[in-house]
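The values are calculated or read from the model by the stated rules, or taken from the named source; none is laboratory data. Keep in mind it's a predicted model, so treat the numbers as computed, not measured. Cβ placement follows ideal geometry from the backbone for every residue including glycine, while neighbour counts extend to all protein chains displayed.
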Amino acid sequence: MHGGYQRKRRRPVAEINVVPYIDVMLVLLIIFMATVPIITQGVKVDLPQTAEAESMSQDAKPPLVASVDIDGNYFLDVGDSSEEPLADNELISLVQAHMQLDPTVPVVVKGDGAVAYEQVVRLMVLLQQAGVPSVGLMTQPQEQ
């Protein structure tokens, strides 16, 4: 007789093996660490190609050149003001006026080789605020 004896039922084990989830989490962490520096926001700059710069035709529009000297002063090569340093708001208003006259005029930045990178980026941000869609960087070919 089985009166006083009950057979114990086995309960299912309700544990989850978390090791694969930790592995997946670490892989995702590495992927995010690698992609975040790429996603960081910066100034959009369309760099000129050397081959295109050399083969520019004579009928191409002369670019609007914004310059920064070694002291961090900004200049714009228009009219009589090309030799006078410009304040930020003056530079923005002059560039906006030229962009209203001809929205397709190319805009390039000419900076001294020893000028701080921060000054060049600041000039490009000012040009972006003035409504310039893309900015080129003037370079000088290396002498061989």
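Numerical summary
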| item | result |
| --- | --- |
| Identity of the residue in the range 97-135, in contact with a strand residue (DSSP E or B) (Cβ under 6 Å, 6 or more places away or on another chain), of a type outside the set (A, V, I, L, M, F, W, C) and under 14 Å from Val65 (Cβ atoms), that ends up surrounded by the fewest Cβ atoms within 10 Å (Cβ to Cβ) | His98 |
| Some residue of the range 39-53 being assigned to a helix (DSSP H, G or I), at pLDDT 85 or above and not acidic (Asp, Glu) | no |
| Test: residue in the range 102-115 that is β-branched (Val, Ile, Thr), part of a helix (DSSP H, G or I), at pLDDT 80 or above and in contact with a Leu (Cβ under 7 Å, 6 or more places away or on another chain) | no |
